[in-house]
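Notes follow the structure.
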Amino acid sequence: MNRPILVAALLSVLTATAAQAGDAKLGKALVEANCTRCHGSEVYTRPDHKVKSFDGLVKQVRRCDQMIGLTWFDDDIENAATYLNQEYYKFKQ
């Protein structure tokens, strides 16, 4: 494989992986401005929480977004899930 093509492919994969991680700082602002209107942090810290993986957390954030009509972009959902995961859930991403 041509070296420049290999480097470009590797950078593309790394960029995609970094983008999937989400921005916890932006996510925190979204959660604090929107999610705590309905509930406090107890929903994230209760021992019997329903979310069991990071993918499940993303799906739950998406469901909440749809239920209250926020119309967040996918990046917003990923950012909020990343923040919640770092702060409360600690799932591997």
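Every number in this text was worked out from the coordinates using simple rules, so none of it is lab data. Because the structure is predicted, anything quoted here is derived from the model rather than measured. Neighbour counts run over all protein chains shown; Cβ positions are idealised from the backbone, glycine included.
At 0.36 nm per residue, minus the direct Cα-Cα distance, what do Arg62 and Gln93 gain on full extension? Give it in nm, one decimal, please.
Difference between extended and current length: 9.5 nm.
Give me the number: length gained by fully extending Glu32 to Lys50, i.e. 0.36 nm times residue separation minus the C-alpha to C-alpha distance, one decimal in nm.
Stretched out fully, the Glu32 to Lys50 stretch lengthens by 4.4 nm.
Please report His49, His39 as a ranked list, fewest other C-beta atoms within 10 angstrom at the top and most at the bottom.
If I rank by nearby Cβ atoms, fewest first, I get His39, His49.
As a footprinting exposure proxy, order Cys35, Cys64 by other Cβ within 10 Å, with the fewest listed first.
Exposure proxy ranking, most exposed first: Cys64, Cys35.
Karplus couplings for the stretch 21-29 from phi (6.51 cos²θ - 1.76 cosθ + 1.60, θ = phi - 60°), rounded to Hz, Gly and Pro as x?
With the stated coefficients, the stretch 21-29 comes to 5, x, 10, 5, 5, 5, x, 4, 4 Hz.
Output ³J(HN,Hα) for the stretch 50-61: one whole-Hz value per residue in order, computed from phi by the Karplus curve 6.51 cos²θ - 1.76 cosθ + 1.60 with θ = phi - 60°, and x for Gly and Pro.
7, 7, 10, 7, 5, 4, x, 5, 4, 4, 5, 4
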